[in-house]
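*Asks:* The following block contains the structure, expressed as structure tokens.
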Amino acid sequence: MTQMRRVSVRLPTRENYEIEIGAGALGHVGRIARGSLSPAARRTAVVSNARVFNLYGARVVRGLRAAGFNVSHWLMGDGERHKNLRTAERALAFFSASKLERTDAVVALGGGVVGDLAGFAAAVYLRGIAFLQAPTTLLAQIDASVGGKTAVNTADGKNLIGAFHQPRAVVISTETLLTLPPRELTAGWCEAIKQGAVGSRRLFEQTRRFLVAERAGETARAPERAQRRADELAALIAAQCSFKAKIVAGDEREDAGRTDAHSRRILNFGHTAAHALEAVTRYRRFRHGEAVGYGMLVAAEISQRLGMLDASELESLRACVRLAGRLPRADDLDERALLRAIASDKKSVGGHVRWVLLEGIGRPRIVGGQEIQPRVVRAALRAAMAQSSTDKSEVN
Ligand SMILES: NC(=O)c1ccc[n+]([C@@H]2O[C@H](COP(=O)([O-])OP(=O)(O)OC[C@H]3O[C@@H](n4cnc5c(N)ncnc54)[C@H](O)[C@@H]3O)[C@@H](O)[C@H]2O)c1
């Protein structure tokens, strides 16, 4: 039996909650819901998609029923393109039809798409009802489910309509990762490396060591070894969640004026170039996390060229990104189109791109784009993109 771990999220607004992590945590969802929701809560509506619900829905519904809830469920389409207002409206109609009241709750079972949409619908239904996150992708477990950002996309871009709405609890069942497609896992590992790179050397090292063991094929055969790996995975996810929780606690609403090393903005490490890669390939080639894999390298190459980052630190980031898994190729992309896309990054402030750079592993620094010469960005981009040809890291 894997040990359950708990991470507490403590917010200035006192919307505090616990993250419970371990293999088999979904089996505790009823107890966790009872412990975190209003005593008056009678109904829960599970929002998921068919793929995830077929794998884990029965367990969640059973657990919630055993805890005395009346449970209904509603399945949205699978994929980012369903994360929109039309789907949210259908979810809201379902909550109404299920007669959810102010004291009742929504349970989001799935990846970041389900979590963002269900969280958004919960944030606006009856001006906000409680919701629980049960994330089933690595990205959602270490990042999207923690922090209270909920959103849907519009024709103009991603996450343009949303609300801050903290979950009442997060239930992370690590064994759900066993059914995750490899590319989703790679994308999640890139985000984990990102959090390590801006978080602390310790978190970076813990992530790196786990990946080294993973790639060495230290897997299931000996039962005690499988057990140890499961414990290490839970410990790593807990460390990643603690980091995210700490950042969120210090800057819950992403204060636009902050540029310090503890602001929520540092989580955008790797995102400036990642957004450009995604835009130039019309969101068809890369999973977001895969693009972040390259984006981190671009930011680190810039950092090194500005004399902020040691060559050895750059190399350890490169090596770690390689451990995350194979990335789609990027060395064939049009450099000028990428540079144009970087210049128009939506996270720019007052017309200037803000780069999250590194002074070392665990030491982020935010630097205005106007302080970096275009030739430095160009050379960094070229060096990072070339990784895909030197690594033979192509996937299709
Ligand atoms: N709210 C936040 O703070 C935040 C942070 C980061 C990302 N996000 C959002 O998260 C979304 C991306 O989330 P994602 O990467 O989890 O993608 P996703 O939700 O699309 O899941 C990826 C795929 O894996 C499938 N899947 C999920 N769990 C599975 C499992 N255990 N076994 C098998 N298949 C499974 C899904 O059905 C889907 O096809 C984006 O919309 C992004 O904007 C939000």
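The values are calculated or read from the model by the stated rules, or taken from the named source; none is laboratory data. All figures in this text were calculated on a predicted structure; none of them were measured in a lab. Glycine also receives a Cβ, built like all others from the backbone with ideal geometry; neighbour counts cover every protein chain displayed.
*Asks:* Looking at segment 104-123, which of the residues that are under 13 Å from the mean Cα position of the chain (by Cα) and hydrophobic (A, V, I, L, M, F, W, C) is surrounded by the most Cβ atoms within 10 Å (Cβ to Cβ)?
*Replies:* 114
*Asks:* Next question. Output the number of the condition that residue 316 fails; it satisfies all remaining conditions of (1) at pLDDT below 95; (2) within 20 Å of residue 197 (Cβ to Cβ).
*Replies:* (1)
*Asks:* With (1) near the ligand (Cβ under 8 Å from one of its atoms); (2) in contact (Cβ under 8 Å) with a residue 60 or more places away in the chain; (3) at negative phi as the list, and residue 112 as the residue in question, which single condition is left unmet?
*Replies:* (2)
*Asks:* Can you spot a residue in segment 155-167 that is at pLDDT 95 or above and among the charged types (D, E, K, R)?
*Replies:* No, segment 155-167 contains no residue that is at pLDDT 95 or above and among the charged types (D, E, K, R).
*Asks:* Of all residues in segment 257-295, count the ones that are more than 18 Å from residue 324 (Cα to Cα), away from the ligand (no atom under 12 Å from the Cβ), not hydrophobic (A, V, I, L, M, F, W, C) and not in a helix (DSSP H, G or I).
*Replies:* Counting residues in segment 257-295 that are more than 18 Å from residue 324 (Cα to Cα), away from the ligand (no atom under 12 Å from the Cβ), not hydrophobic (A, V, I, L, M, F, W, C) and not in a helix (DSSP H, G or I) gives 9.
*Asks:* Okay, next question. Please determine, by comparing only the residues of segment 301-333 that are surrounded by 18 or more Cβ atoms within 10 Å (Cβ to Cβ) and in contact with a strand residue (DSSP E or B) (Cβ under 9 Å, 6 or more places away or on another chain), which one is nearest to residue 190 (Cα to Cα).
*Replies:* Residue satisfying both the conditions and the ranking: 317.
*Asks:* Considering only segment 201-212, I want to know if a residue exists there that is part of a helix (DSSP H, G or I), crowded, with 18+ Cβ neighbours inside 10 Å, within 16 Å of the ligand (Cβ to nearest atom) and among the β-branched types (Val, Ile, Thr).
*Replies:* no
*Asks:* Now for a separate question. List pairs: first residue in segment 23-50 and more than 16 Å from residue 135 (Cβ to Cβ) and in contact (Cβ under 8 Å) with a residue 40 or more places away in the chain, second residue part of a loop (DSSP other than H, G, I, E, B) and acidic (Asp, Glu) anywhere in the structure, Cβ distance under 6 angstrom, at least six positions apart or on different chains.
*Replies:* Going by the 6 Å Cβ cut-off, the qualifying pairs are 41/104; 43/104.
*Asks:* While we're looking at this one, here's another question. Of all residues being within 22 Å of the chain's Cα centre (by Cα) and either surrounded by fewer than 18 Cβ atoms within 10 Å (Cβ to Cβ) or of a type in the set (D, E, K, R) (or both) in segment 43-56, which is farthest from residue 179 (Cα to Cα)? Just the residue, please.
*Replies:* 50
*Asks:* So residue 53 passes all but one of these: (1) in a helix (DSSP H, G or I); (2) touching a Lys or Arg at 6+ places or on another chain (Cβ under 9 Å). Which condition number does it fail?
*Replies:* (2)
*Asks:* Is there any pair linking a residue in segment 1-21 that is part of a loop (DSSP other than H, G, I, E, B) to one that is of a type in the set (S, T, N, Q), with Cβ under 6 Å and at least six apart or on different chains, and which?
*Replies:* 10/16; 15/166
*Asks:* Given the conditions (1) more than 6 Å from the ligand (Cβ to nearest atom); (2) touching a residue at least 40 places away in the same chain (Cβ under 8 Å); (3) part of a helix (DSSP H, G or I), report the number of the one that residue 178 does not fulfil.
*Replies:* Every condition holds for residue 178 apart from (2).
*Asks:* Please state which one of 92, 100, 75, 126 is more than 14 Å from residue 167 (Cβ to Cβ) and either surrounded by 20 or more Cβ atoms within 10 Å (Cβ to Cβ) or touching a residue at least 60 places away in the same chain (Cβ under 8 Å) (or both).
*Replies:* 100 is the lone residue from the list that is more than 14 Å from residue 167 (Cβ to Cβ) and either surrounded by 20 or more Cβ atoms within 10 Å (Cβ to Cβ) or touching a residue at least 60 places away in the same chain (Cβ under 8 Å) (or both).
*Asks:* Scan segment 124-142 for residues that are within 10 Å of the ligand (Cβ to nearest atom) and either farther than 20 Å from residue 87 by Cβ or more than 18 Å from the chain's Cα centre (by Cα) (or both) and report the count.
*Replies:* 3
*Asks:* Any residue in segment 143-160 that's more than 12 Å from residue 120 (Cα to Cα) and within 7 Å of the ligand (Cβ to nearest atom): show its pairings with residues that are outside any strand (DSSP E or B) and among the β-branched types (Val, Ile, Thr) at Cβ separation under 6 Å, as long as the two are six or more apart or on different chains.
*Replies:* Going by the 6 Å Cβ cut-off, the qualifying pairs are 147/248.
*Asks:* Could you please let me know if residue 196 is in a helix (DSSP H, G or I) and within 13 Å of the ligand (Cβ to nearest atom)?
*Replies:* no
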